[in-house]
1. Rank 45, 323 by accessible area, highest first, at a 1.4 Å probe radius?
2. How much length is gained if the chain between residue 332 and residue 17 is pulled fully straight, taking 0.36 nm per residue apart and subtracting their Cα-Cα distance, in nm to one decimal?
3. With viscosity set to 0.890 mPa s and temperature to 25 °C, compute the Stokes-Einstein D of segment 267-387, Rh being the Kirkwood radius across alpha carbon pairs; µm²/s, no decimals.
4. Rounded to the nearest 0.05, what FRET efficiency do residue 314 and residue 138 give with R0 = 56 Å and r taken as the Cβ-Cβ distance? Could you check?
5. Report the Stokes-Einstein translational diffusion coefficient (µm² s⁻¹, integer) for the chain, Rh taken as the Kirkwood radius over Cα pairs, at 10 °C with viscosity 1.306 mPa s.
6. For the residue pair residue 63 and residue 5, what label-to-label distance in nm results when each label sits 7 Å from Cα along the Cα-to-beta-carbon direction?
7. How much of residue 330 can a 1.4 Å solvent probe reach, expressed as accessible area in Å² and rounded to 10?
8. Find how much the distance from residue 350 to residue 51 grows on full extension, using 0.36 nm per residue of separation minus their present alpha carbon separation; answer in nm with one decimal.
Amino acid sequence: MITRDEIREISEIYSPEGCALTFYYQPATPSDKSHRHEAIFVKDMVREALAQAELQGKNPCARQDVDRILNMADQLQGNGRKAKAIFACAHRGIWKEYDLPPLLKKTQLTVNSRFHLKPLVPVLDSLPRVLIALIDRTKARIFELADEKLTEKQDFFNDLPRKGKSDGFAGYDAGHAERHELNDAMVHFKTVADYLQSYCQRTHCDKVAIGCRDESWSEIRPNLHTYTLDHLVGQFRIDPKSASPQEVKEKVDLLLAEEDGRRKLDLLSQVIGEAGRDGRGALGLRRVLRSLEMGEVQTLLIEDKFAAPGVQCTNCNHIDINMSHTCSGCGQPTIGVEDIADPLLARAMAAGIELQYLPANGDLDRVGRIAALLRFRADQNTSMKQAS
Ligand SMILES: [Zn+2]
């Protein structure tokens, strides 16, 4: 995985000769392509990108790095279901390679004067560590999902002694046994709830998901502790005994995606509402850029299709959508940037701003596919600033 600090460092590298090569590899889903086809596809794509770069008169300095990637194509072979990012500049002796969770939009290669960072957004956006418990009346299985990988942590039966199984007067004992079983189940749910609480607090998991039969949920939920409930994404329907890890992951991924979608829509309407009343919302590129330079931004919302040309100052790094050759801030020369999403993201990374990646959305489209939730508004009174 790549850290924010590494991204910031990568974003600062500038190759005036245009030799900065960025390669993203997203593994094909197993049913999609055979590995052989995938290797051919990667090679074709790389050659095409190289031809494009040469067509645009970019220095053939990326050639060496491109060859190295062509040689890798055969070995990628799905890369163990991991995506990959490579940042290379042979001129400067740079070759940085990272395995990533398979959340990239596509495999792609670019050669430019800066590294291409925007495709990283879906990866950086959110990769929560999720504690998952599959619970039925006698058993519980505990999983953890981190970096897209599911691990079974604990598989335990409730070890309470079985009661009420005596032979004897059938009519009486049957009812007796049922009551015991009911009590056993309640004690078991409570034991599991205690376990979840302590595990969650100890490991600082971001979210909790519970898998069970629908009819058990009403018995399980009241036993969960506040901390667990605060982190609960939801319940999903599954057979706790027979569920395979793959089935668990699919169900949890779906639950997370639904929750993520809801949360982002809420955030977007909050930002739009705040902007409407001149509060803590910024809509559109011009306004977001200004807020970013004023240090106002708390969360940056960026849509899948956002892209805009602009310039960046070679001296103070000021980003501008006015294509001026000199910086409006310090008067020094600027350089053209094909897509200012890249320097913008670098800036956000450096400032520790939270990134939210949104799929195509009509409301966000209308305001220019970019928006921000602000911590404060610099043009408003300072007491508000201090309150943040
Ligand atoms: Zn400047």
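1. Working: 45 35, 323 110 Å².
Most to least solvent-accessible, the answer reads 323, 45.
2. Values: separation 315, 0.36 × 315 = 113.40 nm, distance 1.96 nm.
Roughly 111.4 nm would be gained on extension.
3. Details: Rh = 14.7 Å.
Estimated via Stokes-Einstein, D reaches 167 µm²/s.
4. Working: r = 68 Å, r/R0 = 1.21.
Once rounded, the FRET efficiency stands at 0.25.
5. Reported coefficient: 65 µm²/s.
6. About 3.8 nm, to one decimal.
7. Number for this one is 50 Å².
8. Working: separation 299, 0.36 × 299 = 107.64 nm, distance 3.36 nm.
Working it through step by step, the gained length comes to 104.3 nm.
The values are calculated or read from the model by the stated rules, or taken from the named source; none is laboratory data. Just so we're clear, the structure is a prediction, and the values are computed from it rather than from any experiment. Note: ideal-geometry Cβ built from the backbone for every residue, glycine included; neighbour counts use all protein chains shown. Side chains included, ligands, DNA and RNA excluded: accessible areas come from the protein's heavy atoms. Shrake-Rupley method; radii C 1.70, N 1.55, O 1.52, S 1.80 Å.
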